[in-house]
1. Residue-wise, which Karplus ³J(HN,Hα) couplings in Hz belong to the range 202-212, taking 6.51 cos²θ - 1.76 cosθ + 1.60, θ = phi - 60°, and x for glycine or proline?
2. Using only Cα atoms, tell me the angle between helix 75-87 and the longest principal axis of the chain; keep it within 0 to 90° and round to the nearest 10.
3. Given +1 on the Cβ of Lys and Arg, -1 on the Cβ of Asp and Glu, and no further charges, what dipole in debye does the chain carry about its Cα centre, rounded to the nearest 20?
4. List residues of the range 202-223, by number, whose backbone nitrogen lies under 18 Å from a label position 7 Å along Cα→C-beta of V156.
5. So how much slack lies between R239 and R107, counting 0.36 nm per residue of separation and subtracting their Cα-Cα distance, in nm?
6. Given a Förster radius of 30 Å and the C-beta distance between D173 and A117 as r, what FRET efficiency does 1/(1 + (r/R0)^6) yield to the nearest 0.05?
7. In what order do S92, S36, S73 fall by count of nearby beta-carbon atoms within 10 Å, going from fewest to most?
8. Could I have the simple spin-label model distance between V57 and A17, label points 7 Å from Cα toward Cβ, reported in nm to one decimal?
Amino acid sequence: MLSHQSAAAVLGLPLVAADLSQVHYTVPLAGGTRTSGGVRRHANLLPRDHLAEIDGVCVTSVARTLADLAGTSSFLVGVAAVDQALRLNQCSVEDIRQAALELGRTRGRRAREKVLAFATPLAESPGESLSRVRMEELGFPRPVLQQRWTLADGTVAYTDFWWPEHGLIGEFDGVAKYVRHDYAGHRTAADLVMAEKRREDALRALGPRVVRWDWATALDRPAFFRLLSSVGLPSPVPRATLFEAALERGTRSRSSA
């Protein structure tokens, strides 16, 4: 039974910055846990309602997969996957908690509860989930999600992030809106860029400032910290701490290479 990251991939759940170096599957408790040759075998309970089949592939259910991910993966991986499942009504937080409860184990419970307490159906893309996690990690104030605005021409716009106390709108600028048909329809990338510019100008005309970022910036903690700090968002995290951590990671990467 494919599980964890492997089940998430088959189920179409986002795996933001996840470790995909191993194939994960789960066997009954008697099978034992083992890792070899790029395959990770997990021994755990497999209640019948935790199982699903996608195009002939046996996987753990959405709720069970999210319970496993949230308890064993990074906070970012868990939040991005749970956010999307909640947004698409694939399951509820209580479904995930129930799936975890039926496992009869407490391992990963604290990490799982942290993810479930933070997850929201208001994150409309994995990039927004990534951005929320970065804001939390870096100590920035939590924004209002999907704030509704009535523009001067009477049309309505929703913004990804809004900090009313700072008069600041934040927008995650993913590639999907410019290339995917379900976002773009029959409009060209140039049409979409101009529409975004007009929308942003209309938002600025209401008074708020607007800051935008993309995947590369959100994935880079120091870059994201610099960006949000530059527009006046406060954070208790010392700037030097971020750059020392980034330097240490780079040194380890070069050593391992």
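Taken together, the values in this text are just the output of simple stated rules run on the coordinates, not laboratory data. Everything quoted here is computed from the prediction, not taken from an experiment. Cβ: placed from backbone, ideal geometry, glycine included. Neighbour counts: every protein chain shown.
1. In residue order, the calculated couplings are 5, 5, 4, 5, 7, x, x, 8, 10, 10, 10 Hz.
2. Its long axis makes an angle of about 80 degrees.
3. My answer is approximately 720 debye.
4. 203, by backbone N distance to the label point.
5. Net length gain for the segment: 44.1 nm.
6. Efficiency, from the Cβ-Cβ distance: 0.60.
7. So the residues, fewest neighbours to most, are S36, S92, S73.
8. Taking the two extended label points, one gets 2.5 nm.
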